[in-house]
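Each reported figure results from applying straightforward, stated rules to the coordinates on display, with no laboratory input. These figures come from a predicted structure and were not determined experimentally. Note that each Cβ is placed from the backbone with ideal geometry, even for glycine, and that neighbours are counted across all protein chains shown.
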Amino acid sequence: MEQRLGLNLTFETSQLDGELAEKNRALVASIGWTWRDVDNNFAPRKGQIALFDLAVSEKAVFSDQRFIRAYGKYQRWIPVGARDGIILRAELGQVFSEGSDGIPEDYLFRTGGSTTVRGYPYQSLGIQHETGVTGGRVMSVASAEYVHWIDASWGSAVFMDVGDAADTWRDFSGKQAYGVGARYMTPAGPIALDLAYAAKNKKFAIDFSIAIAF
């Protein structure tokens, strides 16, 4: 079990193309836990990891908005046969506040990319504007992957991801992605090269990552 305590002061200026700049500030106290129960910290084949983070900001104490941010992640590795395995992953987050105005982007949610919803550009899933994407107050991601190891070094995978970020759960709409990939085992963990199809965008994309357990 790993525990984290933090106190962070953020000053932010953000601007979408063609719109006025916004300035936000927040003094945020945070606490987090990570629980690991895996057979190998770098390349798990069996076990589970859970993470939970909680952050709080008070409007009366050097912040532009009062909010509570909760985020959790869970990942499980299930061995199949002598070499194969199933990897399940889930993420869930919500910011409790009167609105998103005054909250720095670091404390809002966006998703998409190689370790979240593959096939979509990095952090492209959020509140869509004509000239960009901003973070929302809710987020959820789920993933299922089957990995077949040909030998000790090389493997292949098939996967499905679904997730989104939005301002409210009413606006939430899970974006799906499917794909196949290659795996190469290194001392630092498996390297993943995936070809993913983003169902919403109707486009293929290549994603690359080192699949180190968080």
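Structure notes:
- Those chymotrypsin sites (Phe, Trp or Tyr not before Pro) in the stretch 102-188 that DSSP places in a loop and that have at most 10 other beta carbons within 10 Å: none
- The stretch 168-202: trypsin sites (Lys or Arg not before Pro) in DSSP loop, at most 11 other beta carbons within 10 Å: K202
- For peptides 79-87, 37-45, sequence by mean Cβ density within 10 Å, most packed first: 37-45, 79-87
- The slack in the chain from F96 to R25, taken as 0.36 nm per residue of separation less the alpha-carbon distance, amounts to 23.9 nm.
- Anisotropy class of the stretch 53-135 from Cα gyration tensor, a/c 1.5 cut: oblate
- For K46, a cut-off of 24 angstrom between C-alpha atoms picks up these lysines, skipping any fewer than 8 places away in its own chain: K73.
- With 0.36 nm allotted per residue and the present C-alpha distance subtracted, the Q123-I206 stretch has 28.4 nm of extension available.
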